[in-house]
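Just below is one structure, and these are the notes that go with it.
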């Protein structure tokens, strides 16, 4: 592969949208651009061969490029450095380039996020442009959704999410095989012979589209439909992982569950360690998925006792991992030739029907035999170890195989069961499979939890976004512990501290913040969220709905407050400073103000007048102020 994109074979370009230009290879490929009903544009490309889609835009004032698996790399890297491999269980072919004001310059997302594809992106030093090159399989229509320039990344991504959600809503419940196409893909529009009607002549090898009605939508979004999000996916969770690690046992979990219910949690997830050979932070024993009877002598009875507390019960499982100490190893080892990132385990290749059958039977058996309400399904991204490698099963593409597997799992579990999925397999293609979309592991890292939950939410079409489990130093001041809650505020929190050992101050802090989260849930989960620039790590996040808003400030920044739009305001101080600086727009006015410290104690109750311009409000570190406009 060429070191830079300038060294690739040249291809003619054509204007696409705003300042974006497009080139498509091979030259025989045909494309059209049509408007979507909500303002997005749909680029549809037809080719029997592998496609290379090249997007380019002038550098202008570009400062950052966001994509679903960007992690901490959010600046405009050189094109020899920007790489991402995507599939159903690894990110998504999507991205957003933006300038120093946070306004977008290029925003796109694949309408079909299933197939294995690769993305190359960055600044072309030779051509002085920002480029995105996508390589995707041929043989089916490929559709890319594009948003016009928008005021922020969140605004542009909201438009694409709306378009994806509409397409999901129109899909059939289960996938249908496409005759002659890759196994497991759903049927698309008829193959084009001379190109779709309405195409105008463009540069050689390209067809430039006019506004014509869109083709059929089947197959665009994994054929999974859009899974409904049950109420249990939208309530605080108690997870055993950071509190217990693998040292879980029935009596202790039941006591923690009782305390969690009293504090306002609605779900318990028992994580790694419940299963046989589940000790030592390794995975050499996984694969059989039977309970360790020394820890859980009666797992079904234990589950029922926790459920009797009014809690939903979920169990952790990593069904693609296979350890050499498992009883099933000899039977399944031929389908697990590669090791992934989990120490001591091989990875089962989902492109084999025998693997899919094993995974489906395992998940269905656990739910059936122990009366579970759902599963936390971990390490699905490990399947990407087989991406691009020769296949010896009935499917060649990892993404297609995983969609078949997850469709069968969903059908086997039946309606109403919860499933937790984790970054990086939380993209739009998983909307039919996951009710809980969790940020990747970031123990005690409130900054990472804030960033990762916002990242997941930018492209989450279905499911409730969940924070990584929260842990903190039990000897730290309540303000320090509360910052973990504040970092997770704009997602569903998962508590993973040992509740029985918390001090009175920490327990009061936790009760207060969970109560505030429940009060603010309509804004936090269902409101319109504006987090600002991704490269700044979202220091000021605003969620609003109607005349109410909540603003979380996590760095020394000025928070904009529009008193013409918002009369019910919650301000959260996620900094170590004892104040928040506001820039008030609108008419200002009188506000009844209540200020709480980190543990929830009221330290001020007053009538306050906010005038247009800068204003300083005293709020303790990790504290909260509630302002309500008065006549």
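Taking the range 557-585, which residues are over 19 Å from residue 523 (Cβ atoms) and touching a strand residue (DSSP E or B) at 6+ places or on another chain (Cβ under 8 Å)?
Residues of the range 557-585 that are over 19 Å from residue 523 (Cβ atoms), as a first pass: 557-558, 575-579, 581, 583-585.
Listed by number, the residues that qualify are 557, 558, 575, 578, 579, 581, 583, 584, 585.
Can you go through 511, 518 and tell me which one is out of contact with any helix residue (DSSP H, G or I) (no Cβ under 8 Å at 6 or more places or on another chain), assigned to a helix (DSSP H, G or I) and either outside the structural domain of residue 426 (by TED's automatic domain parsing) or crowded, with 20+ Cβ neighbours inside 10 Å (or both)? It would help to see each step written out before you state the result.
Details: 511 fails: out of contact with any helix residue (DSSP H, G or I) (no Cβ under 8 Å at 6 or more places or on another chain).
Of 511, 518, the one residue that is out of contact with any helix residue (DSSP H, G or I) (no Cβ under 8 Å at 6 or more places or on another chain), assigned to a helix (DSSP H, G or I) and either outside the structural domain of residue 426 (by TED's automatic domain parsing) or crowded, with 20+ Cβ neighbours inside 10 Å (or both) is 518.
Across the range 621-631, which residue is surrounded by the fewest Cβ atoms within 10 Å (Cβ to Cβ) among those that are over 13 Å from residue 566 (Cβ atoms) and touching a strand residue (DSSP E or B) at 6+ places or on another chain (Cβ under 7 Å)?
Let us first name the residues in the range 621-631 that are over 13 Å from residue 566 (Cβ atoms), namely 621-625, 630-631.
With touching a strand residue (DSSP E or B) at 6+ places or on another chain (Cβ under 7 Å) added as a condition, the list becomes 621-625, 630.
Numbers: 621: 18, 622: 27, 623: 25, 624: 26, 625: 22, 630: 13.
Checked the range 621-631; the qualifying residue surrounded by the fewest Cβ atoms within 10 Å (Cβ to Cβ) is 630.
Quick check on the range 43-51. Is at least one of its residues surrounded by fewer than 22 Cβ atoms within 10 Å (Cβ to Cβ) and more than 17 Å from residue 115 (Cβ to Cβ)?
No, that holds for no residue.
Exactly one condition in (1) out of contact with any strand residue (DSSP E or B) (no Cβ under 7 Å at 6 or more places or on another chain); (2) more than 21 Å from residue 291 (Cα to Cα); (3) buried (at least 17 other Cβ atoms within 10 Å of the Cβ) is false for residue 334; which is it?
Here residue 334 clears every test but (3).
Condition (residue is in contact with a helix residue (DSSP H, G or I) (Cβ under 7 Å, 6 or more places away or on another chain) and surrounded by fewer than 19 Cβ atoms within 10 Å (Cβ to Cβ)) applied to the range 306-319: is it met by at least one residue? Full working, then the answer.
Applying the first criterion (in contact with a helix residue (DSSP H, G or I) (Cβ under 7 Å, 6 or more places away or on another chain)) to the range 306-319 yields 306, 309-313, 315, 317, 319.
Subset that is surrounded by fewer than 19 Cβ atoms within 10 Å (Cβ to Cβ): 309-310.
Yes, because at least one residue in the range 306-319 is in contact with a helix residue (DSSP H, G or I) (Cβ under 7 Å, 6 or more places away or on another chain) and surrounded by fewer than 19 Cβ atoms within 10 Å (Cβ to Cβ).
How many residues are under 25 Å from the mean Cα position of the chain (by Cα) and part of a helix (DSSP H, G or I) if we restrict to the range 320-361?
3
Among the residues that make up the range 70-83, is at least one of them on the phi > 0 side of the Ramachandran plot and without any contact (Cβ under 8 Å) to a residue 12 or more places away in the chain?
Residues of the range 70-83 that are on the phi > 0 side of the Ramachandran plot, as a first pass: 71.
With the extra rule that they be without any contact (Cβ under 8 Å) to a residue 12 or more places away in the chain, the set shrinks to 71.
Among the residues of the range 70-83, at least one is on the phi > 0 side of the Ramachandran plot and without any contact (Cβ under 8 Å) to a residue 12 or more places away in the chain, which makes the answer yes.
When you go through (1) surrounded by fewer than 20 Cβ atoms within 10 Å (Cβ to Cβ); (2) in a loop (DSSP other than H, G, I, E, B) one by one for residue 614, which number turns out not to apply?
Only one criterion is unmet by residue 614, namely (2).
Yes/no per residue for (1) touching a residue at least 40 places away in the same chain (Cβ under 8 Å); (2) more than 15 Å from the chain's Cα centre (by Cα):
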| residue | (1), (2) |
| --- | --- |
| 436 | yes, no |
| 448 | no, no |
| 502 | no, yes |
| 512 | yes, yes |
| 546 | no, yes |
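Going by what's in this entry, would residue 22 be described as modelled with pLDDT of 95 or more, assigned by TED's automatic domain parsing to the domain that holds residue 87, crowded, with 17+ Cβ neighbours inside 10 Å and out of contact with any helix residue (DSSP H, G or I) (no Cβ under 7 Å at 6 or more places or on another chain)?
yes
In the range 540-557, is there at least one residue being in a strand (DSSP E or B), loosely packed, with under 14 Cβ neighbours inside 10 Å and at pLDDT 95 or above?
Checking the range 540-557: not a single residue is in a strand (DSSP E or B), loosely packed, with under 14 Cβ neighbours inside 10 Å and at pLDDT 95 or above.
Step by step: first the residues of the range 25-54, then only those that are closer than 21 Å to residue 157 by Cβ and part of a loop (DSSP other than H, G, I, E, B), then the one that is modelled with the highest pLDDT. Which residue is that?
40
Scan (1) outside any loop (DSSP other than H, G, I, E, B); (2) under 26 Å from the mean Cα position of the chain (by Cα); (3) without any contact (Cβ under 8 Å) to a residue 60 or more places away in the chain for the single condition residue 400 breaks and write down its number.
Going through the list (1) outside any loop (DSSP other than H, G, I, E, B); (2) under 26 Å from the mean Cα position of the chain (by Cα); (3) without any contact (Cβ under 8 Å) to a residue 60 or more places away in the chain, residue 400 breaks only (3).
Taking the range 369-393, which residues are in a loop (DSSP other than H, G, I, E, B) and surrounded by fewer than 23 Cβ atoms within 10 Å (Cβ to Cβ)?
As a first pass, look at the range 369-393 and keep what is in a loop (DSSP other than H, G, I, E, B): 371-373, 378-379, 387-393.
Hits for the range 369-393 are 371, 373, 378, 379, 387, 388, 389, 390, 391, 392, 393.
The values are calculated or read from the model by the stated rules, or taken from the named source; none is laboratory data. Just so you know, these numbers come straight off a predicted model, no measurement behind them. So basically every Cβ, Gly included, is an ideal-geometry build from the backbone, and we count neighbours across all protein chains shown.
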